[in-house]
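All remarks here apply to the structure that follows.
Since every read-out is calculated from the coordinates, none of them should be taken as a lab result. This is a predicted model, so every value here is computed, not measured. Neighbour counts are summed over all protein chains in view; Cβ atoms, including those assigned to glycine, are modelled from backbone coordinates with ideal geometry.
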Amino acid sequence: MADQLNKPENEEAPVNTRDFVGAVAQDQEYEERVVAVNRTSKVVKGGKNFSFSALVVVGDKKGKVGMGFGKAGEVADAIRKGGEQARKNIVTVPMFGTSVTHFVAADFRGASVIVRPASAGTGVIAGGGMRHVLELGGVKDVLAKSLGSKNAVNVVKATFAAIAKLRTRSEMLAKRDRNTL
């Protein structure tokens, strides 16, 4: 007991931020958020076998965001696997100032999302998994609406489909073979 009280001030006890749903973990460059954890069960002769899946979104809040879906027998392992997968699936969010470049709508299975640019100071007006994706992507002002399915996995994938549809002004001008409008 006395050893714990006399430990050096510069040493901190390691904290495991993955012990609860909604955890936020940070490494050198990416912040990680757990969007959803699902438990599934398989009935076998000896009882029920449980497994867990975790939807994890990572981002640097500077225009890069990724999503991963990890599955394992333990929640912590599922979150870890989801985080690793998310770091491999990083995409860039095209932005104009602190908002998205233009209006976009996208679908993924039963989920539909609408993402609209907003004036400075509006904030992130989005719900559920969309909020996590847009905040970690570095978008500070946006109006977004999730329609159809409320399934977190499908809403997040629809949000990534919307991000994939976004284009910058320079990309559109290059596509049209023009230098300026």
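Rank these for me by crowding, T159, T122, going from fewest to most other beta carbons within 10 Å. It would help to have the intermediate numbers written out before the result.
Working: T159 29, T122 15.
Fewest to most other Cβ atoms nearby, the residues stand as T122, T159.
For K64, list the lysines whose Cα falls under 24 Å from its own Cα; do not include residues on the same chain fewer than 8 positions away.
Once the sequence-local lysines are set aside, what remains near K64 is K81, K88, K140, K145, K157, K165, K175.
Using a ≥ b ≥ c from the Cα gyration tensor of the range 92-175 (square roots of the eigenvalues), is it rounded, prolate or oblate, where a/c under 1.5 gives rounded and otherwise the larger of a/b and b/c decides, a/b for prolate?
Details: a/c = 2.14, a/b = 1.34, b/c = 1.60.
In terms of gyration-tensor shape, oblate.
Could you tell me whether the range 82-128 comes out rounded, prolate or oblate from its Cα gyration tensor? Rule is a ≥ b ≥ c as square roots of the eigenvalues, rounded for a/c under 1.5, then prolate if a/b exceeds b/c, otherwise oblate.
Working: a/c = 1.99, a/b = 1.36, b/c = 1.46.
Here the range 82-128 falls in the oblate category.
Where both partners of a DSSP beta bridge lie in the range 92-175, what percent of those bridges are antiparallel, to the nearest 5?
Values: 14 of 16 bridges.
Antiparallel: roughly 90 percent of the beta bridges in the range 92-175.
Sum up the charges of everything whose Cβ sits under 9 Å from the Cβ of G123, counting Lys and Arg as +1 and Asp and Glu as -1, but leave G123 out.
Numbers: positive: K140; negative: D141.
Once all neighbours under 9 Å are counted, the net charge is 0.
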